[in-house]
Each structure stands twice: as structure tokens, then as C-alpha cells.
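Have a look at the structure below, then the notes.
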Amino acid sequence: LVGSCVPLDVHPSCVPPGGVLYPFGPGVGDETTLHEDDGTSPEIFLQENFSFFGHAHHSLYVNNNGVVSFGTMVPEFTPQPFPLPGHRPFVAPYWADVDTRLGGDVFYRQSRDPQLLTRLAHDLAPAVPAGDRPPQPTWAFVATWDRVAYFGAASDKVNTFQAVLASDGVTCFVLLNYGELQWTTGIANQGDPHTGLGGIPAQAGFNSGDDVHYYNVPGSRTPAVQSLSHRSNLGVPGRWAFRVDHFEATEGPPETP
């Protein structure tokens, strides 16, 4: 089952791919995961509980393979169709076989920075129905995969993407932001070592962990997943936003290729 859709009437803005990403890296106090295959961060205890599909979570992991998971690590490198069996709630901005030994960094931080929170409030406003209280986040968690390579890469193709969790203590949102996506698949998932394409492409979406509720971002596990940086449910190419405390999938304006 997927969340109910909330139609929006917004217009595309002229944001180039990658321009949707929020600041990241050592300059803003980010930590990094180790450069390894199928690696993950330590357990990160949150400054605010984050509600996901009706369940409050107090910690998470940032997994190198393009997943932010609650309560347990997700080292698996093959993206599976949702819903997954077992209690594994997670956000998948781009679940694929990342190998940071071959290139790239995975950054993460919690933040109460007023400038970031103000920008998030502005960017999330189109993600709520008209008449609802506009989002006013008081806390955010930013995870960024910066120019990451794929397992078995025989090329310099890399991907950049980001997941942002935002909460006001009650209402919780996730933004998925996409820079340039040059590959979809590592060689262990039958991808071509020279192109990073083919085989079982990346998955983007949400797995609730209750074996029932989930959401697949359109194009997941197909070659079209590579075009996430040019598509949107907000009219801003490369940005997707979802309310996740009680999940609602936002249906934006017609997508343009």
C-alpha cells in the first residue's frame, strides 16, 4: 500500500541539477563514513525523535549504499522491491551498490542552523496542501553522497544525491535531492563495468518496516531512475519532498523529460 496523494499546483523553477542540494562537507561540520564497500556510519542518536510511518525513531544509520535506516544497518547492495520483509524502516534516496573506495564521500550531520531551517521551511511549503499549517522545521538531518563510485567501476562515472530529514517535533518530512546521476548499477547487480548501467538499477523510495506500507519513487529499479535529477514532485527538477510521519505521497505537476 502506498500513501495517499496530495495534488499540488506549482510551477517548475529553473534550478540546474545539483543546485537543489543543501550545503554539505567539512565546512558545515559534516562527519563522514569510512571509505569502504557496503559500509555504514555508527549509530547516530537524534536530537529529536523522528516519526516515520507512525513510529517514532531516536537513532539512525547512514549506509554507504544510498540508504538512511532507522534502528538497524542496511549493508545490502542489491536494491529490492518494496515492501521488504522484516522490521527494516528506511529512506532510500538511491539504493545501489556504492563503493567509496573507488571514489566519493558520504557526509552527514544534524543541524539546528537557523539559515538551513529557514530555507527548508521555504522549500517544503509546496509539499503541504493549501490551508494546512506551513512547515516550520526546528531540526534537520542532512546525509549527502558526494560523487560516489559504483562497485566494480572501470570508469570515472559518479553520482551525487542527498536525503534531508526535517521535523518540527510533530510533523516530519523527507526531501530527496539529486545532483548528477551518471550510473545506476554496480557489477554485482549485473551492471556494465564501463557504463554503470543495466542489470538491476537503483531503488528510490521508502520502506515503512511494517511489511505493508511503502512508496516507490517513479522510475525505481528501471533505467529511468537515472533521470531523478531532472524530475520532481514539486516542480523543482531534482527535488522530491514527502511528509512521512503519517505518510503522504505528494503528486506534483506533470513531469517533463
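The values are calculated or read from the model by the stated rules, or taken from the named source; none is laboratory data. Everything numeric in this text was worked out from a predicted model, so none of it was measured. Ideal geometry is used to build each Cβ from the backbone, glycine not excepted, and the neighbour counts take in all protein chains shown.
Couple of notes before you dig in:
- Any hit, the stretch 224-232, residues being of a type in the set (Ser, Thr, Tyr), farther than 30 Å from residue 48 by Cα and out of contact with any strand residue (DSSP E or B) (no Cβ under 9 Å at 6 or more places or on another chain): no
- Long-range neighbours under 8 Å by Cβ, at least six apart or interchain, first residue free of Cβ contacts under 8 Å to residues at least 40 places away in the same chain within the stretch 148-166, second of a type in the set (A, V, I, L, M): 157/149
- Residues that are touching a residue at least 60 places away in the same chain (Cβ under 8 Å) and of a type in the set (S, T, N, Q) were ranked within the stretch 112-147; the one that is surrounded by the most Cβ atoms within 10 Å (Cβ to Cβ) is 144.
- Here residue 168 meets the list (1) of a type in the set (Asp, Glu); (2) surrounded by 18 or more Cβ atoms within 10 Å (Cβ to Cβ); (3) in contact with a Pro (Cβ under 7 Å, 6 or more places away or on another chain) almost entirely, failing just condition (2).
- Criterion (of a type in the set (Val, Ile, Thr) and in a loop (DSSP other than H, G, I, E, B)) met by exactly one of 74, 106, 91: 74
- For the stretch 44-99, filtering for residues that are in contact (Cβ under 8 Å) with a residue 40 or more places away in the chain, more than 16 Å from residue 174 (Cβ to Cβ) and buried (at least 23 other Cβ atoms within 10 Å of the Cβ) leaves 6.
- Scanning the stretch 14-54 for residues that are in a loop (DSSP other than H, G, I, E, B), among the charged types (D, E, K, R) and either under 18 Å from residue 149 (Cβ atoms) or modelled with pLDDT under 95 (or both) yields 36, 38.
- Residues that are assigned to a strand (DSSP E or B), among the aromatic types (Phe, Trp, Tyr) and either over 28 Å from residue 87 (Cβ atoms) or out of contact with any His (no Cβ under 8 Å at 6 or more places or on another chain) (or both) do occur in the stretch 155-168, at least one of them.
- Every residue from the stretch 192-241 that is over 19 Å from residue 145 (Cα atoms), in contact with a Gly (Cβ under 8 Å, 6 or more places away or on another chain) and assigned to a strand (DSSP E or B): 214, 215, 216
- Of all the criteria given as (1) surrounded by fewer than 24 Cβ atoms within 10 Å (Cβ to Cβ); (2) of a type in the set (Gly, Ala, Ser); (3) touching a residue at least 60 places away in the same chain (Cβ under 8 Å), the one not satisfied by residue 198 is (3).
- The stretch 129-184, residues that are of a type in the set (A, V, I, L, M, F, W, C), more than 13 Å from the chain's Cα centre (by Cα) and under 21 Å from residue 60 (Cβ atoms): 139, 140, 148, 170, 172
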